[in-house]
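Beneath this line is the structure, given in structure tokens, with notes to follow.
The values are calculated or read from the model by the stated rules, or taken from the named source; none is laboratory data. Every value quoted in this text rests on a predicted model; they were computed, and no experiment measured them. Because the Cβ atoms are built from the backbone with ideal geometry, glycine has one as well, and the counts that use them run over all protein chains shown.
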Amino acid sequence: MRIAGSLWSVPAEQQGDQLSRVAEAGLGVVHWDASDGTFATAGGFTSGSAQRLLERAPGVTSEAHLMMHNPFREIPAWAEFCTTIVVPCEVEGAARALDRVEALGVRAGVAVSLPTPLDRVPADLPVLLMAIPPGEAGSPFDPAVVERVDALRQRGRNPLIGVDGGIGTDEFGVLAAAGANWIVSGTSLFGAPDPGAWLRRCVRTFSPPSRQPDGHAPR
């Protein structure tokens, strides 16, 4: 099970302290959103600002979600410290961008917005299904994504099936039952009074004894 924390919804002046706090509680992966302001609402992080924040949590792994019409030129900077880079499958240069990610030795993944048909999702890549409009951090979880998770699970071609947006503890059970094995959470995780308890509950729900975790369980 892969649990990634997104700082986009955290006020800028609190991001360093919150990342440190949640990393100490057991977070293994931080999810960096970067938007060009045209594909999605402007905001998120640059590769430089992400690396500066990582100084507060040196043991955390990074993944990037490049919500951009032309992510190609941004990829090398993120590849310097990210193990996974996700690009939208809807952009014209998605295939070229994915090839560049892999050429740099980083795992490539695709993000898929809710209106996008699942037959556009490539096989054999991690898939991040959006449960909110891209860039709309803090928006409520759209339950329509659950059927999409189940459809990809039944197809059986993607090693990671993730969901991003609006995920809190109330969504753990339904997403686990549908077959998700990767979640991205921001507001709920970083706003939790006890992030360690939040992470442990997530791991218990998604990784019962009969399953093996992905390596990102809380310490």
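Odds and ends about this structure:
- Hits in the stretch 123-141 (condition: among the charged types (D, E, K, R) and closer than 13 Å to SER6 by Cα): GLU136
- The lone exception for SER20 - which of (1) in a strand (DSSP E or B); (2) closer than 21 Å to ALA192 by Cβ it fails: (1)
- Unique match (being more than 26 Å from ALA197 (Cα to Cα), in contact (Cβ under 8 Å) with a residue 24 or more places away in the chain, among the hydrophobic types (A, V, I, L, M, F, W, C) and buried (at least 16 other Cβ atoms within 10 Å of the Cβ)) among ALA40, ALA4, ALA25: ALA40
- The set of residues in the stretch 62-97 being closer than 23 Å to ALA25 by Cβ, of a type outside the set (Gly, Ala, Ser) and crowded, with 18+ Cβ neighbours inside 10 Å consists of GLU63, HIS65, CYS82, THR84.
- Test: residue in the stretch 135-148 that is surrounded by 14 or more Cβ atoms within 10 Å (Cβ to Cβ), modelled with pLDDT of 95 or more and among the small types (Gly, Ala, Ser): no
- Here is the figure for the stretch 53-105: residues that are under 15 Å from ASP36 (Cα atoms) and of a type in the set (Lys, Arg) total 1.
- Selected residue (criterion: nearest to ASP33 (Cα to Cα)) from residues of the stretch 188-212 that are surrounded by 14 or more Cβ atoms within 10 Å (Cβ to Cβ) and at pLDDT below 95: PHE206
- The strands (runs of 3 or more DSSP E) located wholly in the stretch 46-141 that include 1 or more residues which are touching a Cys at 6+ places or on another chain (Cβ under 6 Å) and under 18 Å from GLY162 (Cβ atoms) occupy 61-67, 107-112.
- The set of residues from the stretch 144-191 being touching a His at 6+ places or on another chain (Cβ under 9 Å) and of a type in the set (Ser, Thr, Tyr) comprises just one member, SER185.
- Given (1) over 15 Å from the mean Cα position of the chain (by Cα); (2) under 25 Å from GLY44 (Cβ atoms); (3) aromatic (Phe, Trp, Tyr), index of the condition PHE206 fails: (2)
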